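Read the figures in this text as sums done on the coordinates, not as results from a lab. Everything quoted here is computed from the prediction, not taken from an experiment. Here the Cβ positions follow ideal geometry from the backbone for every residue, glycine too, while neighbour counts run over all protein chains shown.
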Amino acid sequence: MSEIDIRRSPAGPAGQATPAPAGHNGGPPLDQEHTPEWGNDGIGNYFYWKAAHRAAWKNPSPGIVAFRIRKAERLGLTYEEYTLEILERGRHLQIEDVERIAEIKRARAARAVNHRT
């Protein structure tokens, strides 16, 4: 039987020049603790929230989209800001909600400044 030639890349994991020890498959280190998608605090209602989020952002009917766009433009908000307010607070914004609308606009301006830097 002939001798098997083991080929190794010149640079190991994370750019190390030393070759991996015998029996190492080049995978991620096993000493790092795995964090599941739902975090370390237990699964709780994770899948319920995930399904609710998916259902909330599912494409609404064209009539609802048109209504929200008109309402958002009337209030000086974007469609996403207006829809997010409905999803977060459970109510439609009105002209009388001056303070909340101003708060949303300030948050938009802060995001724009953070995005530029």
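Data for the structure
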| read-out | value |
| --- | --- |
| Two-site label geometry, V98 and Q32: point separation in nm, points 7 Å out along Cα→Cβ | 5.2 nm |
| In region 15-78, trypsin sites (Lys or Arg not before Pro) in a DSSP loop with at most 11 other beta-carbon atoms within 10 Å | K58 |
| Potential lengthening between K58 and A110 on full extension [0.36 nm per residue; Cα-Cα distance subtracted] | 15.9 nm |
| Per DSSP, loop GluC sites (Glu not before Pro) in region 38-117 with at most 13 further Cβ within 10 Å | E96 |
| Neighbour cut-off at most 14 other Cβ (10 Å), DSSP loop, chymotrypsin sites (Phe, Trp or Tyr not before Pro), region 61-117 | none |
| Theoretical FRET efficiency, 1/(1+(r/R0)^6), r = Cβ-Cβ of W49 and H24, R0 30 Å, to 0.05 | 0.15 |
| Share of alpha-carbon pairs per 5 Å distance bin for region 46-116, given as whole % | 3, 15, 22, 23, 16, 16, 6, 0 |
| Rel. contact order, % - alpha carbon contacts under 8 angstrom, at least six apart, region 46-116 | 19 percent |
